[in-house]
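Novice: Here you go, one structure.
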Amino acid sequence: MKRFKLLAGKHNENGVTYSRGEIITTAGNLLKHNRGSRKFEFLDETEDEVTEPVTDEEEYEEEEDDGLDASTIAELRAMAVTDGIDLTGKTSKNDIIATIREAYAG
């Protein structure tokens, strides 16, 4: 099993919805399926299965860079589609990032 930290947005894996900062344990490779996105951070591989979402609150609070500023507009739009964020009328990178951050905060 592989462990990934969710860096931005929400993610549904095996019927469980994970939020930013939570650890996802899965047999799949979330980086491969989200190529070019900074949504996940690979942590390690483990033999143990984790059935409940785990949040590392201290690390979550210290992490300020959500990676959105380094993403391209195409990557941001793809992330918004994946997470169900409406970008209607948003054309500038700053507007798109602000909308995504607002959606993640709420």
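Bear in mind that the values in this text are calculations on the coordinates, not laboratory data. Just so it is clear, the model here is predicted, and its values are computed rather than measured. Here the Cβ is made from the backbone with ideal geometry for all residues, glycine too, and neighbour counts use every protein chain on show.
Novice: Sort F40, F4 so the one with the fewest other Cβ atoms within 10 Å of its own Cβ comes first.
Specialist: Values: F40 18, F4 24.
Taking fewest neighbouring Cβ atoms as first place, the list is F40, F4.
Novice: Same structure again: How far apart, in nm, are the 7 Å Cα→Cβ label points at N94 and A74?
Specialist: 2.4 nm
Novice: Still on this structure, please answer the following. What number comes out for the charge environment of L6, summing +1 per Lys or Arg and -1 per Asp or Glu over other residues with Cβ under 10 Å away?
Specialist: With Lys, Arg at +1 and Asp, Glu at -1, the neighbours total +1.
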